[in-house]
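The values are calculated or read from the model by the stated rules, or taken from the named source; none is laboratory data. Given the structure is predicted, the values throughout are model-derived calculations rather than measurements. With ideal geometry, Cβ positions are generated from the backbone for all residues, glycine too; neighbour counts draw on all protein chains shown.
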Amino acid sequence: MTVAHQYEIGELSFEDALTRTLGHPVDRTAVAGVLEYLASLGVQQPQGGLSRHDADLLDAAGLTDDGEKAGMAVVLGRAQTMSDLRSTALTSSEVADLLKVKAPRIRQLTSIERKLWALDDVDRRGRLYPKVQFTDEGMVPYLDQVLPHLPASLHPLTISAVLTLPREDLTVAGRVVSVVEFLTSAAVESDLPTVLEVVERATCLG
């Protein structure tokens, strides 16, 4: 029996059907995020073709640019990523403890110096800081010199992609790695111009 048929006869919830179809967990929060995303576009259905970036993501996932279905897969993927960013993020107090600084310094690093990345929206836990910018010991090395170069208007998913997707010009032991992995594993201060150039190109590509 297909997933579609199981959903049609009520054996699967919408979230469970999407989880089985897309191959990764999709919870109610993610579906709500899709609705919010579509509402923000002011349309009921994605219009037109996918961007090159989204089409590449679908190709990498083994999907095809199939109009509405492909567009929905991308929207769901984005919503799930946003949900993951929020659920794994650190609070202001957790960041202060990790960096061993006071709360006012966290606010200064976030809003004035832009050396910390915080999500724009505030939930019941307060302001949230995506975990990818931290190690177990503190900030990812040299990332505080990279973040201020990111345009303030960038969407959190774009920032996440810029920092976490492999970049051809960054390698560790011959392996292509992301900005965060490069900074964590191999970077020295003299590498910063190269890293900033990679980040600038990635930001322009979106």
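Restricting to the range 174-206, count the residues that are at pLDDT 90 or above, within 17 Å of GLN133 (Cα to Cα) and not in a helix (DSSP H, G or I).
Summing the residues that are at pLDDT 90 or above, within 17 Å of GLN133 (Cα to Cα) and not in a helix (DSSP H, G or I) in the range 174-206 gives 2.
Filter the range 139-153 down to the residues that are touching a helix residue (DSSP H, G or I) at 6+ places or on another chain (Cβ under 7 Å) and surrounded by 14 or more Cβ atoms within 10 Å (Cβ to Cβ) and list them by number.
Of everything in the range 139-153, those that are touching a helix residue (DSSP H, G or I) at 6+ places or on another chain (Cβ under 7 Å) and surrounded by 14 or more Cβ atoms within 10 Å (Cβ to Cβ) turn out to be MET139, VAL140, PRO141, TYR142, LEU143, GLN145, VAL146, LEU150.
If a residue must be at pLDDT 95 or above and either within 19 Å of the chain's Cα centre (by Cα) or part of a helix (DSSP H, G or I) (or both), how many such residues does the range 94-103 contain?
Residues that pass the stated criteria total 6.
Being at pLDDT below 75 and assigned by TED's automatic domain parsing to the domain that holds VAL198: is that true of VAL122 here?
So VAL122 passes the test.
Pairs please, first residue from the range 1-20 and modelled with pLDDT of 75 or more, second anywhere and in a helix (DSSP H, G or I) and of a type in the set (S, T, N, Q), Cβ atoms under 6 Å, 6+ apart in sequence or on different chains.
These pairs meet every condition: VAL3/THR21; LEU12/GLN6.
Please work out if THR171 is part of a helix (DSSP H, G or I) and either touching a strand residue (DSSP E or B) at 6+ places or on another chain (Cβ under 6 Å) or modelled with pLDDT under 95 (or both). Outline the logic, then answer.
On the way: part of a helix (DSSP H, G or I): no; either touching a strand residue (DSSP E or B) at 6+ places or on another chain (Cβ under 6 Å) or modelled with pLDDT under 95 (or both): yes.
No.
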